[in-house]
Structure formats: C-alpha cells, structure tokens
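Read the structure below first, then the notes.
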Amino acid sequence: MAASSGHRQELVTTRIAEKPERPARFKQVPAWLAYTLTLFVTTRAVLTVIGFIAYQHIAHVKLSMPSEFLRIWKVWDSVNYIDIAQYGYFIPVDRTKMANYAFFPLYPLLMRILDTVLNDPALSGFIISSVCLLIACFYLYRIVGLDSDERTAMRSIKYLFLFPTAFVLSGILTESLFLALSLACLYYAKKGNWIFTGALGFFTALTRPYGVIIILPVLYEYLRSKEFKLQNIRADALYMLLIPAGISAYALYCYYLMGDPLAFVHVQSAWGGHLVNPIMELGYRLITPASTEVLFGACFTLIALIVMLLSYKKVGFSLWLYGLLLILIPLSTPSSAWSMARYVVLAFPLFIVFAKLGENRDFDDTATIAMALLQGLLMALWATWGYYVV
C-alpha cells in the first residue's frame, strides 16, 4: 500500500509539473496592471452606455455611437476648460462678473498642447483625464503597498473606480490630473525623494486653487524622515518651496494679464464662492437644503467626513490630514452650485479605508454593489446635465 500511495503521489506531482504555464508575454504583465486595465475598460464602457441610455430616456436626445460619445463626458465645467484650451483666459469688462481665470491653468494647458496634434480639445481632455486616472491607480497601488499587502492595494484601486462620483475622473475636468499628481507627490515624499516631491507639488498647486495645501502633509513626511529634529534638516528642505511656487507662478501670470496677482481669488465671489465655517455650512445644507441635489451632496459629504475623521489609524497622519483638508477646504469655500459630492472623490484616503475594511468579505461585497449602483444612477443624471455633482 505504501508503494502504491507513493506511486500515486509521484503521478500527481508529475501532472502538476506538466501543467502548462502562461505564455511569457502574459507573465510579464503585473497582476495589478491587468486588474487596473480590466476595471478601467469595464467601468468606462458601462458608464458610457449608461450615459447614452440616459440621453435617450432622460434628456430625450438621441446620440450616435461612437461619434458623439464625448458629449456625455463634456458637461458643466468642461465647457470652461475647453474654452481656455482653445482661446485662453479673457478679461471681462466688468470684473465683478464670472471670468474663466477662476480655473487653474495646468489642465487646459495640457489640453492645448495635445490639441495641436488631435485638433479636438474635447478628445484631448478626455485622453488626458483617462491617462491620469491610470497614473493615479499606479501611485495609489504603490502608496498602499508601502504598509499593506497586495490584496489591500488592489482593493483600493477597485474602490477608486467604484466610488459613487468616480465617473468625473473621466470627465473633461481637473479631478484625474489633480488626483494623479497628489498621489505621486505623496508617494515620493514617503520614499524621501524630495526633488520629485517638490516638482510634483509645483504642478499640483497649478491644477486647483487649493492644490498648494499638499505642502502640509509633505512637510510632515519630511520632518518625520528627519525624526522631527531641527539639527537633521538639510538643504533638501528647499525643494518644498517648489510647491508654493506653483500657485505663485499663476499669480504672476494674473498680474501680467490683469494687474491683479490675486485675480483668481477675487473672481470667486462672482461664481458664488465665499468663506464660511465648514461645519456650520454643512449643517445649514443638511437642515435647509436648497434642493434635493444639495441635500444628497450634504449627506454624502457628512458620511465621507465621518469616515475620514475615524480613519486616522488606518491611513497614517499625513494621508489622514490631506484627506480631511480635501473635504474641509472646499466645504469652507462653497460655490453657488455646491459641488461637494464631486470634490470628495479627491480624498483618496477614503479608498484606502474602504480597502482595509474590505478585508471583511461581507462588507466588501455590500460596499461594491452599493457603490456601483449609486455611481450608475449619478452618472445618468450627471451626463444629461440633470444633477450638478460638478
């Protein structure tokens, strides 16, 4: 019997050894990349189909595929970025009116550069947003991988794609670019590469009005790397100055164009922007919402804020601080559109929190289904200009 058992074991071992391996060209594709590309293609295809169906049944407009597929990604603020990419910034006769220099320059500048090749600013914006979304996935995977296993890192990518307002990351908007730059900047800060950190921080500050706040988590990471001892600080700290240099560069341009270096600040009032107490603002929107959309945005923001506040131990101080600021600062400077549901998608530490909570299979399954369904609904409304999450 022992000999027979040994013979069977030898046969099993031989069969396992003879199992054909994947071709070398497939083995060279990292698992995270294959997973990311699968999610990217699947979610973008589904969202596009939802947008087309919504146009037909909600907006009652028939679109032809594929020639008009960009129409569903070109809504709300997209019009302003396309306008800047084509014609640049303009000075209104009445400075108290809306002007497009409220929108920061890096994204439309990249659109303009790519448009010289494609001759289609909308397509240029869509491509830039899509590429930046993939770059954001890469750096999210790398950041999570610094202190978590690969499964958690890959789940964080899943929650990036499934987050209820993540459809804006393929829109002709700054969100994907800002997310990619923020993640890359903080990744290199955690790795101690201060040249890359400063350079990426410069471009982050050129992308959105509050992009400069990334200097706070970056400074924390720098001081942590020096064990919070002043005597350990070296000349490499000067690279941090590149971050405020980003917003300073735009201020200089505004001074050249309009004679006002803070024109991008002063014009915010024309767009309904004003400084308020963020907690009081959120409470006001919850108690006396101007519309169903605002009430949804307020509830959505409240949930995100609570999750962020309670997640310090799950993401570490620097990411926790940045995620919190990315919610509180837009909340303290709301516009008339009150687009908080869109802004919350930039608080990427939320994806990490959900990924870690997703170690519980029941939570992971429930959250996956709920987020996917909610995103589909919001996409249908957003693509038809029916809901201003932007």
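Derivation of every value follows stated rules applied to the coordinates shown; laboratory data play no part. None of the values given here were measured: they were computed from a predicted structure. So basically every Cβ, Gly included, is an ideal-geometry build from the backbone, and we count neighbours across all protein chains shown.
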task: Amide H neighbours of Asp260 under 5 Å, at least 5 residues apart or on other chains, H built in the peptide plane: list them.
output: Tyr255
message: Which one, Met111, Thr36, Thr288, projects farthest toward the positive side of the charge dipole computed for the chain from Cβ point charges (K/R +1, D/E -1)?
response: Thr36
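For the peptides 362-369, 349-356, what is the packing order when you average, over each peptide's residues, the other Cβ atoms within 10 Å and list the highest mean first?
On the way: 362-369: 13.1, 349-356: 23.8.
For the peptides 362-369, 349-356, the packing ranking is 349-356, 362-369.
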message: Please rank Ser311, Ser335, fewest neighbouring Cβ atoms within 10 Å first, as an exposure proxy.
response: Ser335, Ser311
task: Using just the helices of the chain, give the 222 nm mean residue ellipticity in deg cm²/dmol: DSSP H runs with n ≥ 4 each add -39,500 (n - 2.57), and the total is spread over all residues, rounded to 500.
output: -21000 deg cm²/dmol
Global geometry of the stretch 26-383, whether rounded, prolate or oblate, following the gyration tensor of its Cα atoms and the 1.5 cut on a/c: rounded
- prompt: What does the highest-first list of 102-113, 165-176 look like by mean Cβ count within 10 Å?
  reply: 165-176, 102-113
- prompt: Once the dipole of the stretch 149-202 is set up with Lys and Arg at +1 and Asp and Glu at -1 on Cβ about the Cα centre, which of Leu200, Ala189, Leu179 lies farthest towards its positive end?
  reply: Ala189
- prompt: Nearest 20 debye, what's the magnitude of the dipole of the chain about its Cα centre given +1 on Lys and Arg Cβ and -1 on Asp and Glu Cβ?
  reply: 660 debye
